[in-house]
Amino acid sequence: MSKDSKMRATINQKLTEMGERERLKELLRSKLTECGWRDQLKAHCKDVIKEKGLEHVTVEDLVVEITPKGRVLVPDSVKKELLQRIRAFLAQHAT
Amino acid sequence: MKMEDMSLSGLDNTKLEALAQDIYSDLVEDACLGLCFEVHRAVKQGYFFLDDTDQESMKDFEIVDQPGVDIFGQVYNQWKNKECVCPNCNRSIAASRFAPHLEKCLGMGRNSSRIANRRIASSNNMNNKSESDQEDNDDVNDNDWSYGSEKKAKKRKSDKNPNSPRRSKSVKHKNVLLGPKPCCRSGSSVRAVER
């Protein structure tokens, strides 16, 4: 197992060092904005805030409410594209 | 890209796929957290609900979709049928034709052939004057008149040149084969010369 985790650590490190992680982040952000995911979640945020009260809402509240919904709402095409890029990167650098 | 053909030390396909999924998961969570922080800051700083307007104002500024009126509710061809009186010739002109009419009427626009009009006007004056002065010196006066008007015409022409873009036209006609023109209208002609 430790060999695996070592391997994972190396790959993650490579991902960050080569700037690929940043690029993937940017790609994901722009795709999600384009497809309206951000606006959807923002609308959901509004509901949460109205529920908890403007003064008392915390980051934790938002994270707990938003993150699960956010994961689900990502469109399939975006997910596929990102996974493709990640796999391509792994295929290149996982040896 | 066939992953089965590649030999990977330690990790097989399922593990790689799991790794890919994990990385993807991290990225999505990152995006979600980013949004949460943004929203939270906007809430605490008070600008989260800024772009929400109350219902009343929304109704005030709704897009208008009536005939004869633009989307703001203003009548846009209100001034089409109004008429203005020209200060020069005292005629009543339609508003949309007023500017071009003024151009021609005052002799100040590009195509208003002011020189021709002035020449006609002045030649009429001179004609009347010379005739009234001496009928014996018709020839002399005639010469004077024609020379004078030609002089005037030439003067006017040179007067016109520095101000109007027609200068380039006369240059063009004279020096067709010389190098690139100083004027900027010569897109195609410059290319032709360079060939």
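The values are calculated or read from the model by the stated rules, or taken from the named source; none is laboratory data. Remember, predicted model here, so these are calculated numbers, not experimental data. Cβ atoms come from the backbone with ideal geometry, glycine included; neighbour counts cover every protein chain shown.
The table that follows gives values for the structure above.
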item: Residue that is farthest from the chain's Cα centre (by Cα) [pool: residues in the stretch B:57-92 that are touching a residue at least 12 places away in the same chain (Cβ under 8 Å) and in a loop (DSSP other than H, G, I, E, B)]; result: B:CYS89
item: Test result for B:SER9, in a helix (DSSP H, G or I) and at pLDDT below 80; result: no
item: Count of the stretch A:55-95 residues which are in contact (Cβ under 8 Å) with a residue 40 or more places away in the chain, aliphatic (A, V, I, L, M) and farther than 16 Å from B:ALA31 by Cβ; result: 2
item: Only listed residue being among the polar types (S, T, N, Q) and modelled with pLDDT under 70, chosen from B:ASN125, B:ASN117, B:ASN161; result: B:ASN161
item: Failed item, numbered, when B:VAL75 is tested on (1) at pLDDT 90 or above; (2) touching a Gly at 6+ places or on another chain (Cβ under 8 Å); result: (1)
item: Pair list, Cβ under 8 Å, 6 or more apart: the stretch A:1-27 residue over 17 Å from B:GLU17 (Cβ atoms), other residue not in a helix (DSSP H, G or I); result: A:LYS3/B:GLY10
item: Scan of the stretch B:96-112 for residues that are in a helix (DSSP H, G or I) and either surrounded by 14 or more Cβ atoms within 10 Å (Cβ to Cβ) or acidic (Asp, Glu) (or both), ordered by number; result: B:PHE98, B:HIS101, B:LEU102, B:GLU103, B:LYS104, B:CYS105, B:LEU106
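Conditions (1) surrounded by 14 or more Cβ atoms within 10 Å (Cβ to Cβ); (2) at positive phi; (3) charged (D, E, K, R), marked per residue:
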| site | (1), (2), (3) |
| --- | --- |
| A:GLY36 | no, yes, no |
| A:ASP47 | no, no, yes |
| A:LEU54 | no, no, no |
| A:LEU62 | yes, no, no |
| A:VAL74 | yes, no, no |
| A:SER77 | no, no, no |
